[in-house]
Amino acid sequence: MSALDGLRGVAAFVVLLHHTLLIRPELAAGYVADPRPAGGWVDWLLTYTPLHLAWAGAEAVVLFFVLSGYVLALPAARGRPTRWRRYYPRRLLRLYPPVWGAVLLALVWALLVPRGDRPGASWWLNLHAPMSDTGRVLHDLVLLRRPGFTNTALWSLKWEVLFSLLLPAYLVVGRWLRRWPLAVGATGLAALVFLGASFGGFAGRYLPIFVCGVFLAFNEDRLRRLFDGLDAVRRPVLCWWTVVAGCVVALTAHWLLLAVLPAPGTALVLAAWTVQVAGATLAVLLVIRWPAAGAALDRPVPRWLGSRSFSLYLVHEPIVVSTALVLGGTPPVPVALAVAVPVSLVVAEVFHRAVERPSLRLSHAVGGRAAAPSGGEALSPSPGGRAASPSSGGAASPSPDGRAALPAPGGGPIDDQS
């Protein structure tokens, strides 16, 4: 599981890069319907080629959701029973206190560096309005309505909380999918993702992604046997790298489509979205099954990023916004990166020690007390231990969606230990 922590950490860092690069108007323009980025060839390459993966915050969010579904469902898939009375208080206390701390910190940043429009700044930077609406601040504290006012990255925690509350239903779906052949189950998942995004609104877009992670957990053995075949071929390393290349192409499918068709139809955009979800699922499977990928992510830097990923996700966005505003609204990207990235990492470390770690201790303590035996309590396989989460855009974000179907820029909940 340490390799998955590393994957989560790298994805969290990608979200930080994502928001920092959105300071540049030409790059931010790629996330709205019109116009296409008016910058030079570097902006085009960063937006419409696989290079976009280096700052693909929306795609990182999809990855987080798949990770969350996988890790929270894994104990149940392996037949480990647990008491739901223990799970729910631990899970909610794991999520909410750090969010409350992040909202307070965002308000402090807004007081120190007042928000407001800056002429010539990107639409993403200018959507950060002055924080005078207490009702919308309360939405951020509760998460279940339209979070994302004090900190746009909070939007995705709405879906994380809903998934956490609905986990028993997801486990039922996972057990049902395990009865079918792998190809049938995978096809059904693809149809669910496509149709959910087509007709289900934002809930239909995001909640099915968790099912993909649940599917991985409940089909762990069958997928292991399938991928073990790659090591039996004549050139296994080449095969694995081919899978990596396919994963990169799938994760950036939306942008590759726009490079060819600047105004694709809705069906093509939804198909690209489905391919992106499949790419994120494949990325998680790749880290689980390929020892080289696991070893690369089980190094000190990815592991540290993984252990601080939830804190980094929660605190970085107001820092990026404040950095841009202090530097005039349109700072050069290298300058913004040189300031926002190290400051975000330092604040994330402090936040982890001061807020997240005590919250984790509290969740375990309360969960332990709630786990006292009860004659009427139903026992059912459920998660324990760590979970990964995810993170971008949706109705809950104050920023617009991407071209017809791309999630709005941002991140997602990064760490969802229960």
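Observations on the structure shown:
- Checked against (1) in contact with a helix residue (DSSP H, G or I) (Cβ under 6 Å, 6 or more places away or on another chain); (2) buried (at least 22 other Cβ atoms within 10 Å of the Cβ); (3) of a type in the set (Val, Ile, Thr), residue 113 passes all but condition (2).
- Per the conditions (1) in a helix (DSSP H, G or I); (2) on the phi > 0 side of the Ramachandran plot, the sole criterion not satisfied by residue 328 is (1).
- All helices (runs of 4 or more DSSP H) inside the range 217-266 with 3 or more residues being touching a helix residue (DSSP H, G or I) at 6+ places or on another chain (Cβ under 7 Å) and exposed (fewer than 13 other Cβ atoms within 10 Å of the Cβ): none
- Residue that is surrounded by the fewest Cβ atoms within 10 Å (Cβ to Cβ) [pool: residues in the range 287-323 that are among the hydroxyl-bearing types (Ser, Thr, Tyr) and in contact with a strand residue (DSSP E or B) (Cβ under 9 Å, 6 or more places away or on another chain)]: 307
- In the range 177-194, the count of residues that are surrounded by 17 or more Cβ atoms within 10 Å (Cβ to Cβ) and under 26 Å from residue 292 (Cβ atoms) is one or more.
- Here residue 79 fulfils each of the conditions (1) in a helix (DSSP H, G or I); (2) surrounded by fewer than 23 Cβ atoms within 10 Å (Cβ to Cβ) apart from (1).
- Scope the range 335-346; condition of a type outside the set (S, T, N, Q) and farther than 14 Å from residue 307 by Cα; matching residues: 335, 336, 337, 338, 339, 340, 341, 342, 343
- Among the residues of the range 38-70, those identified as of a type in the set (Gly, Ala, Ser) and surrounded by 24 or more Cβ atoms within 10 Å (Cβ to Cβ) are 56, 57, 58, 60, 68, 69.
- The C-beta contact set for the range 109-130 (first residue at pLDDT below 95, second residue of a type in the set (D, E, K, R), distance under 8 angstrom, 6+ apart or interchain) comprises 122/24; 125/118; 126/117; 126/118; 128/115; 129/115; 130/115.
- Some residue of the range 358-377 being at pLDDT below 95, assigned to a helix (DSSP H, G or I) and charged (D, E, K, R): yes
The values are calculated or read from the model by the stated rules, or taken from the named source; none is laboratory data. All figures in this text were calculated on a predicted structure; none of them were measured in a lab. All Cβ positions, glycine included, derive from the backbone under ideal geometry; neighbour counts span all protein chains shown.
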